[in-house]
Amino acid sequence: MLENTTMTQAPGEQQRSQGAAGTARSLASEGAADQRTVFDLELIQRYDQSGPRYTSYPTALEFDPAFDENRYKQVCQATNASGRPLSLYFHIPFCDTVCFYCACNKIATKDRTMVQPYLDRVYKELAMQSALFDDDRVVEQLHWGGGTPTFISAAQMRELMAETRKQFKLADDDVGEYSIEIDPREAKGDTIALLREIGFNRMSLGVQDFDPRVQKAVNRIQSQEETFAVLDAARREGFRSISIDLIYGLPHQTAESFMETLEQIIAVGPERLSVFNYAHLPRRFMPQRRIDEDQLPPPQVKLEILQATTERLAEAGWLYIGMDHFARPDDELALAQRNGTLYRNFQGYSTHADCDLIGIGVTSIGKVGATYGQNRRELDEYYADIDGGRLPVFRGIELSRDDEVRRDVITRLICHFKLDFSEVERAWELNFQDYFGRDLAKLEGMQADGLLEIDSSGIRVLPKGRMLIRNICMAFDAYMEAKQGQGGFSKVI
């Protein structure tokens, strides 16, 4: 029952949560980088606007069909001189049922015979992609996303990983960061054991909310028991990091009801948490039209949920990494943020900043060299390209030097909440004040409001500014003012 699991905490998990809080206090006492976050409701309301999430810069709105398969091939082959490691992203688009809130690129179907024809094309794409990269470039990062990656059968999972190993050199388990998105309704203990056996060592579990009324309203019925059974299996099998995804702003949610779900999550102590803001955009995402707008919490209640969540997680020992992500102080993301090696890409925050990212499958986006390239978004178009012996890259962008400089600045801010002017000057051979004079002027109001500090050496985001890091980054975004403004983006909070 919900009431029992909300308030009960097993001794081991209680020790785990207390340990996270204790580690956070210890780090603070040792003078580690300030990773505190302050939720200032008045400031958040004042700075409420739309803006990019900066999984890339420039954003996908700037992608152009002029960047095609031929240019993509040239760029990939040119990167071999760097010897950089590789990252592979596989998009598995299929879902058994559609969650009404979902804005992902997916195909909802009960027909599992659709999988093999898709995988057969993925194997052909793998071979074509592999031919572009030197054999000694190691895949240090790999991710299966969706859709629901565990929609495919156990035999198909083995086959997909075997084909990947045939075409690319995968890192050893102690080096590789190999992750998968899990729908607990589609994964049992034997599935988790198989995933660990074929090489996965990290996972994210979709939960969203345990409240039965919320689950019914969004068409995602998922019990605590089946969710935590998957988590327990992952720990038994030796998965090194487990992340849980929650969403606030769904129908019927209140701060009180969401806290019931959050307490259950805190009790089982995942290494990471993602707490996403639901953006209701029914004109863009058809499944959202089945959500009753009258049941959605008003903006004030959404802020109450976020504030309560942020404060409760801080109390329990989790750190706010940024952009909806929380982690224990001893998790790799928190450590990377403290030592300045954290990175951000299309899968979120990462500890592998130096990889060239290859996107595999329909809609996938890659980042190779100073470019982004995206695969076809429709399944029949993807199939037609692959069957014709063509890579399905249909648009992208080659970054200008200014794009690269600004991407570096935005990445440093969104990952580390600070910016050292001298580091940027050395990296790009420029004078920061001269290059970014107009952009720095945009931050004066934020400095007056206590979001950040600016001096001759750099920028430091203060605890009140961490929740508004997107606003701060937007000051350095040349495209916000020059082209599309704020259209097509979600709210920053």
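The values are calculated or read from the model by the stated rules, or taken from the named source; none is laboratory data. Note that this is a predicted model, so its numbers are computed, not measured. Every residue, glycine as well, gets a Cβ built from its backbone with ideal geometry; the counts of neighbours run over all protein chains shown. Ligands, DNA and RNA are stripped out before the accessible areas are found, and what is left, the full protein with its side chains, is counted by its heavy atoms. Shrake-Rupley method; radii C 1.70, N 1.55, O 1.52, S 1.80 Å.
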Across all directions of projection, what mean area in square nanometres is found for the Cα convex hull of the chain?
22.3
If we restrict to alpha carbons, what Rg and Dmax does the range 113-251 come to, in Å?
16.5, 52
Accessible area (Å², per residue) of the chain, counting only protein heavy atoms and a probe of 1.4 Å
41
Semi-axes a, b, c in Å (a largest) for the range 242-318, each sqrt of 5 times a Cα gyration tensor eigenvalue, come to 25, 14, 10
Just read off the accessible area of Phe417 with the full protein assembly in place, 1.4 Å probe, to the nearest 10 Å².
10
All other residues with a Cβ under 9 Å from the Cβ of Tyr248 taken together, and with Lys, Arg as +1 and Asp, Glu as -1, what is their net charge?
0
For the range 67-179, the spread of Cα positions along each principal axis, largest first, Å
45, 36, 26
If we count GluC sites (Glu not before Pro) as exposed when they sit in a DSSP loop and have at most 16 other beta carbons within 10 Å, what is the longest stretch of the chain that avoids them all?
31-377
Within the chain, what whole-number % of the accessible surface is contributed by carbon and sulfur, with the 1.4 Å probe and all protein chains included in the calculation?
49
Need one value: the accessible area of Arg460 in square angstrom, 1.4 angstrom probe, rounded to the nearest 10.
110
Using only the Cα atoms of the range 305-427, what are the Rg and Dmax in Å?
18.3, 56
Is there a pair in Lys169/Lys367; Lys367/Lys464; Lys302/Lys442 whose C-alpha atoms are over 21 Å apart, and which pairs would that be?
Lys367/Lys464; Lys302/Lys442
Cα-Cα P(r), the range 229-361, percent of pairs per 10 Å interval:
11, 34, 34, 20, 2
Taking just the C-alpha trace of the range 100-161, give me its Rg and Dmax in Å.
14.0, 44
Report the Cα centroid-to-centroid distance between the range 251-282 and the range 58-100 in angstrom, as an integer.
31
Sequence neighbours fewer than 8 away in the same chain don't count; with that in mind, list the lysines whose C-alpha is under 28 Å from Lys188.
Lys106, Lys110, Lys166, Lys216
Using a Förster distance of 56 Å, how high is the FRET efficiency between Met259 and Ala370, based on the Cβ-Cβ distance and rounded to 0.05?
0.80
Please list, in order along the range 278-292, the HN-Hα scalar couplings obtained from phi with the Karplus expression 6.51 cos²θ - 1.76 cosθ + 1.60 (θ = phi - 60°), rounded to whole Hz, x for Gly and Pro.
6, 9, 8, 10, x, 5, 8, 10, 4, x, 5, 5, 8, 8, 6
By the gyration tensor of its Cα atoms, with a ≥ b ≥ c the square roots of the eigenvalues, what is the shape of the range 89-134: rounded for a/c under 1.5, prolate for a/b over b/c, or oblate?
oblate
Checked the range 306-346 against the a/c 1.5 cut and the a/b vs b/c comparison, axes a ≥ b ≥ c from its Cα gyration tensor; verdict oblate
Give the Rg/Rh ratio for the range 177-220, taking Rg as the radius of gyration of the Cα atoms and Rh as the Kirkwood radius, to two decimals.
1.10
What relative contact order, as a whole-number percentage, does the chain give when Cα pairs under 8 Å and 6 or more residues apart are counted?
23
Give me the three principal axis extents of the range 316-370 from the C-alpha atoms, as integers in angstrom, largest value leading.
40, 22, 14
Take the range 353-493, drop everything but the C-alpha atoms, weight them equally and run the Debye formula without solvent; then report log10 I(q)/I(0) at 0.12, 0.14 Å⁻¹ to two decimals.
-0.62, -0.78
Treating only the Cβ of Lys, Arg, Asp and Glu as charged (+1, +1, -1, -1), what charge dipole size does the range 291-396 show about its Cα centre? Round to the nearest 20 debye.
460
Given the whole protein assembly as supplied and a 1.4 Å probe, what does the accessible area of Lys442 come to in Å², nearest 10?
80
So how long is each side of the range 373-448 along the principal axes, counting just the alpha-carbon atoms, biggest first, in Å?
56, 28, 22
Using amide H atoms built in the peptide plane, which far-off residues or other-chain residues are under 5 Å from Ile107 H to H?
Phe94, Cys95
Using θ = phi - 60° and the Karplus form 6.51 cos²θ - 1.76 cosθ + 1.60, what ³J(HN,Hα) does each residue of the range 177-189 get, whole Hz, x for Gly and Pro?
10, 10, 10, 8, 8, 10, 9, x, 6, 10, 9, 10, x
Here, Asp120 and Ala60, labelled 7 Å along Cα→Cβ, have an inter-label distance in nm of 2.8
How big is the shadow of the Cα convex hull of the range 211-251, averaged over all directions, in nm²?
3.2
Once the other residues with Cβ under 10 Å from the Cβ of Ala171 are scored (Lys, Arg +1; Asp, Glu -1), what is the net sum?
-4
Label point distance in nm, Lys188-Gln77, each placed 7 Å from Cα along Cα→Cβ
5.0
What distance in nm lies between label points placed 7 Å from Cα along the C-beta direction at Ala108 and Asp68?
3.6
Sorted list, accessible surface of protein heavy atoms, 1.4 Å probe, largest first, for Val214, Val38 is Val38, Val214
Quick check on the chain: helices-only [θ] at 222 nm, where DSSP H runs of length 4 and up contribute -39,500 (n - 2.57) each and the sum goes over total residues. Nearest 500, please.
-11500 deg cm²/dmol
Hey, if we sort Arg390, Arg412 by accessible area with the 1.4 Å probe, largest down, what's the order?
Arg390, Arg412
